[in-house]
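Below: the structure, in structure tokens.
The values are calculated or read from the model by the stated rules, or taken from the named source; none is laboratory data. Treat the numbers as computed from the prediction; the structure is a model and nothing was measured. Methodologically, a virtual Cβ is constructed for each residue, glycine included, from the backbone with ideal geometry; neighbour enumeration extends over all protein chains shown. Ligands, DNA and RNA are stripped out before the accessible areas are found, and what is left, the full protein with its side chains, is counted by its heavy atoms. Shrake-Rupley method; radii C 1.70, N 1.55, O 1.52, S 1.80 Å.
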Amino acid sequence: MSGEQTPAVDLADFRLGMSRLASGVSVVATGSADDPAGWRGMTATAVSSLCADPPSLVACLNRGTGTYRELRHNSLFSVNLLSSRDVALARTFAGQDVFGAERFAPDAWSTGTLGVPVLAGALASFECRVSRSVDHGTHALLIGAIASIRWMDEASSGPLIYHRHEFRDLGAEVGVTGGSAT
């Protein structure tokens, strides 16, 4: 399909349309245990599982951020799934008022097995090595080979969701899934 013209899409329309996609909220963090002052992190909604064999995930990051630049330097990162009680943390890591290592409260973060920052209260944390990176426009799609997983056994709240430019929780259950896929 190379060579075909893609119709121009208005940026405002793109953002409005994509705001209808509900996404889980994570903090992607990177850095080294040897240098906590160099830790970097950002709020991300473009994170997804990729496959179970080998265990992998995908994270899309803006290439203009300090988090991305540090991640490219050390090729290690964590993805920390936020709960609905973590709205303030999501705002902090979204770049509102606090930057760099100042975002990492010492009592909330520890060093994981790969030496990257891991959020103690995350619903789940995945420590990854970058196995592949694809640049596209302003962002990079990172494939992370998962080296370690931690999760909370008893989550006191559900996941934090981003929808229509607002943080939300899941609300009431509307259906139950189960059984084998067809």
* If you go through the stretch 134-144, how many residues are touching a residue at least 40 places away in the same chain (Cβ under 8 Å) and either closer than 15 Å to T67 by Cβ or surrounded by fewer than 16 Cβ atoms within 10 Å (Cβ to Cβ) (or both)? -> 7
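Yes or no, residue by residue, for (1) open to solvent by 20 Å² or more (accessible area, probe 1.4 Å); (2) within 19 Å of S75 (Cα to Cα); (3) not in a loop (DSSP other than H, G, I, E, B):
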site: A101; (1), (2), (3): yes, yes, yes
site: D107; (1), (2), (3): yes, no, no
site: S110; (1), (2), (3): yes, yes, yes
site: G115; (1), (2), (3): no, yes, no
site: A122; (1), (2), (3): no, no, no
site: F126; (1), (2), (3): yes, yes, yes
site: R132; (1), (2), (3): yes, yes, yes
* Selection within the stretch 22-64 - surrounded by fewer than 16 Cβ atoms within 10 Å (Cβ to Cβ) and free of Cβ contacts under 8 Å to residues at least 40 places away in the same chain -> D35, S48, S49, C51, A52, D53
* To do: Would you check which residues across the stretch 154-182 are at pLDDT 75 or above and open to solvent by 90 Å² or more (accessible area, probe 1.4 Å) and list them?
  => R164, H165, E166, R168, D169, L170
